[in-house]
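The values are calculated or read from the model by the stated rules, or taken from the named source; none is laboratory data. All values reported here derive from a predicted model rather than from experimental measurement. Virtual Cβ from ideal backbone geometry, glycine too; neighbours counted across all protein chains shown. Protein only, heavy atoms only, side chains kept; ligands, DNA and RNA dropped before computing areas. Shrake-Rupley method; radii C 1.70, N 1.55, O 1.52, S 1.80 Å.
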Amino acid sequence: MASKIKVINLVGARPQFIKASAFSRALNARSSEFEEVIVHSGQHYDENMSDVFFSELGIDPPKYHLSIGSGKHGAQTGLILKRFEEVLESEKPDVVVVYGDTNTTIAGALAAAKLNIPVAHVEAGLRSFNSEMPEEINRKMTDHMSTWLFCPTDTAVKLLRDEGISHHNKDNTPNRPYVVNTGDIMLDVALWTSKTNQVKVDLPEKPYVLFTLHRNFNTDNPERLRNILDAIIELGQTTKVVFPMHPRTAKAIPPNLMEELKDSGCKVLDPLSYMTLMSYVKGASIVITDSGGLQKEAYFFEKPVIIPRPETEWTGMISVGCAKTVDDDGDLLVSTVQQWIENPPKEFPELYGKGESAVTMVDIIARHFKK
Ligand code: UD1
């Protein structure tokens, strides 16, 4: 039998554990053709930001842990680049899979591309057109280095074409990439979770709003942070709010504001496991979040989403009237919640495929190596 296709599945931050779990399952289903090596950069390292996702989502423990931890963008990216290159040199994989738009994504793609190892970018083609966000830089650069660009929507395919990245059917390289709408891998995971979720959660009585905030675009700007949290405090007078708090946000909120938030009745929680968070999403009336992943999960479970950012990469759900960007306008945030509690959007058309994207991606890679 020909040797197996060796795939490095590179993860580092919370949303990547979720996406990689689906990819891993699709690889395992074809274990006679593929060998998987999981590498964890260590960007997220707390038990509740990392380990719990591996156990709940059934991901094998990583063969390599790069232990890069927290740091400034350059330091974090540089450390991954250096340590991941060593892994690549010893493992000599056929493919490196990277996810989304984090510092782990760009560093992993760059290390691999420089060694001429083809990169598969899952969640390619997203753009916010906000170049102040580190994520926008990461996703753009990664797309331009990748051989397989697995887009979650047709819009993403089109945005890539606008940047001169168009589809080639064969002889794929970063100059002749394979660009395709595979649907959204997070839908694969959400559907799998719906079947397997055994976690019992003591949810608040309905109606309640689920709120998260973690983008440094919001947390590192005191005025934006204050405006958004003031709106949440005001909302607390009429509506129950649950707020699982990312460590970045916990560090950024000054003590007096944290006090006000808790006094308003807002239920502040530590970061939640994936299954627990999904239970909260399913019970919520509305989700308010700056997380791209949670925006979609809310949509999958037919919950309207309010986005405290000036824009979003996930424009489809705005076009169909199920999501709204409110920037840091507190009045707009509060009035949108009130409007949607009374009269929520009813139609959530299929925007993100059918939940079979990981199987499609693995099949495309397998076919490439069979040629
Ligand atoms: C990163 C990604 C972002 C993604 C998010 C998911 C980048 C540039 N950003 O943002 O795109 O949406 O992950 O959560 O890669 N921290 C802990 N414990 C942890 C992890 C982080 O305390 O386990 C603290 C760190 O000390 C750091 C802060 O949280 O100060 C931010 O962590 P970092 O990995 O830099 O970025 P995220 O904000 O999580």
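Summary of computed values
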| item | result |
| --- | --- |
| Condition met for S50 (of a type in the set (S, T, N, Q), touching a His at 6+ places or on another chain (Cβ under 9 Å) and at positive phi) | no |
| Condition met for T336 (of a type in the set (V, I, T), over 21 Å from the mean Cα position of the chain (by Cα) and over 18 Å from P15 (Cβ atoms)) | yes |
| Flag for L160 being farther than 23 Å from S21 by Cα, open to solvent by less than 10 Å² (accessible area, probe 1.4 Å), modelled with pLDDT of 95 or more and not acidic (D, E) | yes |
| Residue tally, condition out of contact with any strand residue (DSSP E or B) (no Cβ under 7 Å at 6 or more places or on another chain) and part of a helix (DSSP H, G or I), over the range 104-128 | 5 |
| Filtered residue count, the range 46-90, keeping only those that are aromatic (F, W, Y) and in contact with a Phe, Trp or Tyr (Cβ under 7 Å, 6 or more places away or on another chain) | 2 |
| Residues that are more than 16 Å from the ligand (Cβ to nearest atom), surrounded by fewer than 19 Cβ atoms within 10 Å (Cβ to Cβ) and either in a helix (DSSP H, G or I) or at pLDDT 95 or above (or both), drawn from the range 234-253 | E234, K240 |
| Qualifying residue in the range 141-154 (condition: surrounded by fewer than 18 Cβ atoms within 10 Å (Cβ to Cβ), more than 24 Å from V359 (Cβ to Cβ) and free of Cβ contacts under 8 Å to residues at least 24 places away in the same chain) | no |
| Test result for R83, among the charged types (D, E, K, R) and in a loop (DSSP other than H, G, I, E, B) | no |
| Single condition T173 does not satisfy, out of (1) touching a strand residue (DSSP E or B) at 6+ places or on another chain (Cβ under 7 Å); (2) under 16 Å from V97 (Cα atoms) | (1) |
| Filter pass, T77 being over 15 Å from N9 (Cα atoms) and touching a residue at least 12 places away in the same chain (Cβ under 8 Å) | yes |
| Unique residue being more than 14 Å from the ligand (Cβ to nearest atom), of a type in the set (D, E) and in a loop (DSSP other than H, G, I, E, B) when the list is D101, D143, D171 | D171 |
| Among residues of the range 24-42, those that are without any contact (Cβ under 8 Å) to a residue 40 or more places away in the chain and within 10 Å of the ligand (Cβ to nearest atom), counted | 1 |
| Residue that is nearest to the ligand (Cβ to nearest atom), among those in the range 43-67 that are open to solvent by less than 60 Å² (accessible area, probe 1.4 Å) and within 19 Å of S90 (Cα to Cα) | L66 |
| Candidate set: the range 201-224, residues that are of a type in the set (A, V, I, L, M, F, W, C) and open to solvent by 10 Å² or more (accessible area, probe 1.4 Å); chosen: the one nearest to the ligand (Cβ to nearest atom) | F217 |
| Tally of residues being open to solvent by less than 10 Å² (accessible area, probe 1.4 Å), within 14 Å of the ligand (Cβ to nearest atom) and not β-branched (V, I, T) across the range 104-125 | 3 |
| Matching residues in the range 213-228 - criterion: being in a helix (DSSP H, G or I) and within 23 Å of the chain's Cα centre (by Cα) | N216, F217, N218, T219, R224, L225, I228 |
| Residue that is nearest to D101 (Cα to Cα), among those in the range 69-80 that are more than 9 Å from the ligand (Cβ to nearest atom) and surrounded by 19 or more Cβ atoms within 10 Å (Cβ to Cβ) | I80 |
